[in-house]
Structure formats: C-alpha cells, structure tokens
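**Student:** Below is one structure. I have some questions about it.
The values are calculated or read from the model by the stated rules, or taken from the named source; none is laboratory data. This structure is a prediction, so every number in the text was calculated from the model and none was measured. As a convention, Cβ positions derive from the backbone with ideal geometry for all residues, glycine included, and neighbour counts pool all protein chains shown.
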Amino acid sequence: MDANSSSMYIQPHFLSNPDKPFSNTTHFKPLPSSLNHHFALKFQQHRMAHKMLDQMPDSKQSFAWNSLIQTHLRNGQFDRAVTTYQEMLVRGVRPDKHTLPRILSVSRLLGSLRLGKQLHGQAIKYDLASCHYVHSALIELYGRLDCAEAAKWVFDKSPVAKSSVSWTLLAKFYVKEGRPDLAVELFNEMVRSDAKIDSLSLATVIGACGLLKSLQEGRNVHRIAKSCGLEFDVLVSNSLLKMYIDCGSIREACLIFDQMKSRDKISWTAMISGYVQKGEFNEGLKLFRQMISEYLKPDAVAISSVLPACGRMPAYKNGKEIHGYLLRTGIDMNLRVQNALTDMYVKSGHINYASEIYSRMSEKDNISWTVMILGLGLHGKGELGVNLFQEIVKSSTKEIDWITHTAVLYACCTAIMVEEGKSVFKCIRSPKVATCALMVALLARAGLFDEARSFIERKQIARQAEVLRALLDGCRVNRNITVGKRVIEQLCDLEPLNADNYVLLSNLYAYVGKQDMVEKLKETIRDMGLTTKKAYSWIEFRNKVHVFGTGDVTHPSNTSNTAAQFLSRFARV
C-alpha cells in the first residue's frame, strides 16, 4: 500500500479524534509522525497540523516545520508563516538550508526589509549564509526590495563559487533599478571568472545593452553567445532581435531573424514592431502576412504592433482586414488591441469606425480617451472632443493625465474654444513647451494676438521655435501678414538654416494670394542651398501599398520610372 492510500485510512481517525491524533488504534500500524503531519497538511487540516506538532516525538526535526511554513506560503498566509518560524525557534528547532529560503521569500513578498535583515543575521548565526539556496534567496530579497547594492555585498561576500543563478539575479536587479551599465559590467566580470554562462544570463545582459542603446556592447555579447553555442537559443535570439532594434540597427535584427532555426510569436512580433518603429510600414505589413501564411496565429501584442503601420501609411484596407481577422479567429480583443484599432481608424480618416469601437469598449483608459479626443480634433470635430472630455470628467473615477488634457487642448484649438481651452490649460501641472505652444495657437487662431504675446512673455517662451510657429499658424488663419512677417524674422533668427521656416512664410503668402512672393521665396531657398523635409504619400492599390516621396522617380511598378505615370495608370483602373 502506498503512502497516499494509507492516508485514506488514517484521515477518518484524525478527523474524529483531532485532540489525540497519535492515540493507539488496532486498525492500522501508526506511520512516522512527520508523515502523518504531511498528510494533515495535504488535506488542508492546518489546525490539526499545529496540534500534531505539539505531540510529535520528532518535533525537533525541521522537515515538519518546513512543510507547515511552505503550506502557509502556498495559501498566502504570510503572517502565519512568520509566526510558525518564530515558534520553531522558540522550541529550539534549528532552521536548515530549506527553512531560510522559504521564510526569506515571506520577507520579500511582505516587502519587509527589516524582517529580511533579521533573517540575514540568523543565516550568518546558523552558518547558512554561504549555502547556495540561502545565498540566492538573500540576493533575491535585497534585489526585489530595491537594494541592489546590498545584494551585491551579499554576492561579493560569498566564500563559495558563485552560481550562474546568482550572477543573473544580480544583473536583473541592476536593470530593474535603472542601472543597465552595472549589469553589463557584472556580466563582463562573470565572463572573466569563467562562470557558466547560460541563455538566461545572456538574455539579461543583452536586454541591458538595448536599454543603453550600445551597439558595441551588444555586438560583444553577441560574439560571446556565438562562442557558447547559444546564439540560436530562442530566448537569446529574441533578446538579440530586440536589442538590435532598440539600438536602431534593423539590418542586424533582420539577419538574426532570417538565420533563426526556430521562431516563436515573440520573434515575429519583435521584428514586425521593429519595422513599424523604424517607419518601414510596408515591410512590417508584409512580415505580418508572412506570419499568418506560416500558420502561426498572432496574439494581441502582434496585432497591436502592426495596426499602427496601417494607420500611419494609411493602409485602411489592410487595417480593416486585420480587424476582420481578429473577429474571425477570436483573438483576445483586450484594451491594448481596442486602443490600437481606434487609433488606426482615426489615422486612416475613418472617425466613424473609430467612434463605434470606442463606444463599445467596456473599459477605457487615458490612451483610449486621448486617441478619441485627438481624433475628433484632427477630423474637424473639436467641439465633440471637448464634449466627450466633459462626459469623461463626470463619469470616470480614474485620474486624467496631462497627455489627455493636451489632446483636449488641441481639440479646443481646432474648434477655437478659448474659454474651455484656458480652463483645460489650468488643469495641467508644469506644462511643457509643446503644451504652451498649443495655448498660443488657440489664442492666435482666435485673433487674440495681444493676449498670445502676453502669454508668451509670462511663460518666458519667446525663444522657442515651436511657439513662434504656433503664432504664425494664427497669422495664416487670420491672414495677418504684418504679424506673420515679424514672427518669421524671429524664426529665421533662431534657425537661419531651417528651410521649413521659409516654407511657412511661403504658405502664408499663398494663403492670401501673393503668388509672386511665393516664387521669390522658392528662389531664396534654392540660392541658400537649403533643402526642405521630404514629403511622402501612400496609395493602397490591389492589396499593396505604394509609397511615393517628393520628386520620386523610382517606383518599381512603373516601366517609365515616373510616379506621375503610375498615378495616371491607377486613375484609369
């Protein structure tokens, strides 16, 4: 009969005689008391287990106490675990290498550094501090409680060889405390000490290199991963992918991705996200389609990574197809995905679809509010955006952040709602220059140039180019050439080699019909050798997105290599 079946006979006796669990019985041969105690714990008879400890002949053994502490831990009864440990010490039971890691985890979970330090002292007293399990538990305790330096002290004082777990734990805590540079230094020390390097230690330090945006350090770790034969371990490869993307080297990320023997959802999502972050939206969409064609079902993270590409190009048809795919496959439409869908429809020019998704959302956050309010402002419905904000203020208990307030200010600006804009601006603590520029734009668009000037002087932002551009926008709306020329002079004084400033003045002249001045400004820009920012356009045609830049003559679908002829061909379809 095995132990589990024996317990079937033992339990009824325990339950009927809880006060005398070890009384003689003719029905079975008594098992060792520590095993009986184990069964009591297994069947969640905690009170009985404590009583049994009082009567157990072998209650001086730590095994039974460790089991009881572990049970309290598993049930989230941290205070009872501490009380049990204290009772164990009072009875003269010596803790062992299994006791202290358990009770140290209680200190960590309770967030009690004071208790942790007391336990550290006891680990030294009982000569257990150098034990591998206790050593790792102490490092984890200090690291989790944001005391990485104390964790390093424990790490350095260890008289025994340090395990790769200890090295990796400490590196993780340096990253957690915002010191990725120390994590990289620690890894280099680990390499010099000939400690065993595993995939987890490599992934940790590669992540630190990404945070530092240090290609040099990242490439160095990549070489070490190669020498250890771990370059194509999925965890390491995914970390390398993200590191190269974070460091701006999409080419090297692509090389890793192409060479990977096994790719998971994280690999695909990282690469798609990398292309989108880099502005290579078409490549991101192509990779997403390839992911689906290889029968790998994307998750919510992959979906929310690719949707911005559809919004920024804009590739509305692709975005709508992805939305349909979401509905067909039953992928979790969590808050992140719903926000990404709303944003995609807003940027694709379909504000009604965005409003529909927003209205059906069971939960909303600051991102949801910001996207919708900003979208209404962008589509010339600023007043609706302000009304929506007023509804949010009345109905939501969540704190509204400064980004959402800035979106509302933008909506006020597009609708020229001055009083509402002033009220919103007062809600923003320590407004940034960009937020102040929006307030200037609102006042200038309303024709309140004197008030705008007074605001600029009061905030001491007269030497900020974006503020002057906001003022210039008001001049364009109100056809105020006199003030506009003065503002342009200030802008050119601040940024004499910025061609965009001359373009703004050119737009102002064009707006009031002074075409001769527009041509003169174009000549001035050419004579000064200045170049303006290249503008791009996208056309979605037969499920493919075609991208054109200003002066583009390189479109591959065009036999004569001119974008104009391609557009002409497109118009005839």
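**Student:** For the stretch 427-482, how many residues are over 33 Å from the mean Cα position of the chain (by Cα) and of a type in the set (Gly, Ala, Ser)?
**Tutor:** Summing the residues that are over 33 Å from the mean Cα position of the chain (by Cα) and of a type in the set (Gly, Ala, Ser) in the stretch 427-482 gives 7.
**Student:** Okay, next question. What residue, of Val440, Val424, Val408, is modelled with pLDDT of 95 or more, closer than 21 Å to Gly484 by Cα and surrounded by 14 or more Cβ atoms within 10 Å (Cβ to Cβ)?
**Tutor:** The match here is Val440.
**Student:** Could you grab me the full set of residues in the stretch 385-405 that are surrounded by fewer than 20 Cβ atoms within 10 Å (Cβ to Cβ) and in contact with a Ser or Thr (Cβ under 9 Å, 6 or more places away or on another chain)?
**Tutor:** Once the filter is applied, which keeps residues that are surrounded by fewer than 20 Cβ atoms within 10 Å (Cβ to Cβ) and in contact with a Ser or Thr (Cβ under 9 Å, 6 or more places away or on another chain), the stretch 385-405 yields Ile392, Asp401, Trp402, Ile403.
**Student:** Could you grab me the full set of residues in the stretch 282-298 that are part of a loop (DSSP other than H, G, I, E, B) and touching a strand residue (DSSP E or B) at 6+ places or on another chain (Cβ under 6 Å)?
**Tutor:** none
**Student:** Taking the stated definitions as given, is Ser214 buried (at least 17 other Cβ atoms within 10 Å of the Cβ), at pLDDT 95 or above and either of a type in the set (A, V, I, L, M) or over 25 Å from Lys265 (Cβ atoms) (or both)?
**Tutor:** Answer is yes for this residue.
**Student:** Here's a follow-up. When the residues of the stretch 287-321 are filtered to those that are aromatic (Phe, Trp, Tyr) and surrounded by fewer than 21 Cβ atoms within 10 Å (Cβ to Cβ), which remaining residue is farthest from Ala354 (Cα to Cα)?
**Tutor:** So, considering only residues that are aromatic (Phe, Trp, Tyr) and surrounded by fewer than 21 Cβ atoms within 10 Å (Cβ to Cβ), the one farthest from Ala354 (Cα to Cα) is Tyr295.
**Student:** Among the listed residues Leu504, Leu443, identify the single one that is more than 25 Å from Thr404 (Cα to Cα), among the aliphatic types (A, V, I, L, M) and not assigned by TED's automatic domain parsing to the domain that holds Phe389.
**Tutor:** It is Leu504.
**Student:** Okay, next question. What is the one condition in (1) under 30 Å from Asp401 (Cβ atoms); (2) in contact with a helix residue (DSSP H, G or I) (Cβ under 7 Å, 6 or more places away or on another chain); (3) in a helix (DSSP H, G or I) that Ala462 does not satisfy?
**Tutor:** Checking Ala462 against (1) under 30 Å from Asp401 (Cβ atoms); (2) in contact with a helix residue (DSSP H, G or I) (Cβ under 7 Å, 6 or more places away or on another chain); (3) in a helix (DSSP H, G or I), the one that fails is (3).
**Student:** Could you check Arg526 against (1) part of a helix (DSSP H, G or I); (2) loosely packed, with under 14 Cβ neighbours inside 10 Å; (3) modelled with pLDDT of 90 or more and say which number it fails?
**Tutor:** All conditions are met except number (3).
**Student:** Give me the residue from the stretch 322-352 that is of a type in the set (Lys, Arg) and under 15 Å from Ala300 (Cα atoms) and, out of that set, surrounded by the most Cβ atoms within 10 Å (Cβ to Cβ). Working first, answer last.
**Tutor:** First, pick out the residues of the stretch 322-352 that are of a type in the set (Lys, Arg): 328, 336, 347.
Now restrict to residues that are under 15 Å from Ala300 (Cα atoms): 328, 336.
Values: Arg328: 8, Arg336: 17.
Among them, the one singled out is Arg336.
**Student:** Could we say that Val134 is modelled with pLDDT under 90 and under 27 Å from Val106 (Cβ atoms) here? Lay out the reasoning, then the answer.
**Tutor:** Numbers: modelled with pLDDT under 90: no; under 27 Å from Val106 (Cβ atoms): yes.
Criteria not met by Val134.
**Student:** Regarding the stretch 82-91, can at least one residue be identified that is assigned to a loop (DSSP other than H, G, I, E, B), closer than 22 Å to Ser136 by Cβ and out of contact with any Leu (no Cβ under 8 Å at 6 or more places or on another chain)? Explain how you work it out, then say what you get.
**Tutor:** First, pick out the residues of the stretch 82-91 that are assigned to a loop (DSSP other than H, G, I, E, B): 91.
Restricting the remaining residues to those that are closer than 22 Å to Ser136 by Cβ gives none.
No, the conditions are met nowhere in the stretch 82-91.
**Student:** Sticking with this structure for a sec: Are there any pairs with C-beta distances below 8 angstrom linking a residue in the stretch 286-312 that is closer than 12 Å to Val276 by Cβ to a residue that is in a helix (DSSP H, G or I) and hydroxyl-bearing (Ser, Thr, Tyr), with the two at least 6 apart or on different chains, and if so which?
**Tutor:** Note: pairs meeting the criteria are Leu287/Tyr275; Ala302/Thr269; Ser305/Thr269; Ser305/Ser273; Ala309/Tyr275; Cys310/Tyr316; Gly311/Tyr345.
**Student:** Can you find, within the stretch 168-201, the residue that is farthest from the chain's Cα centre (by Cα) among those that are closer than 18 Å to Ala150 by Cβ and β-branched (Val, Ile, Thr)?
**Tutor:** Thr168
**Student:** Return the residues of the stretch 378-426 that are outside any helix (DSSP H, G or I), hydrophobic (A, V, I, L, M, F, W, C) and under 21 Å from Ala470 (Cα atoms); say none if nothing qualifies.
**Tutor:** Passing the criteria: Ile416, Met417.
**Student:** Exactly one condition in (1) at pLDDT 90 or above; (2) part of a helix (DSSP H, G or I) is false for Thr482; which is it?
**Tutor:** Only one criterion is unmet by Thr482, namely (1).
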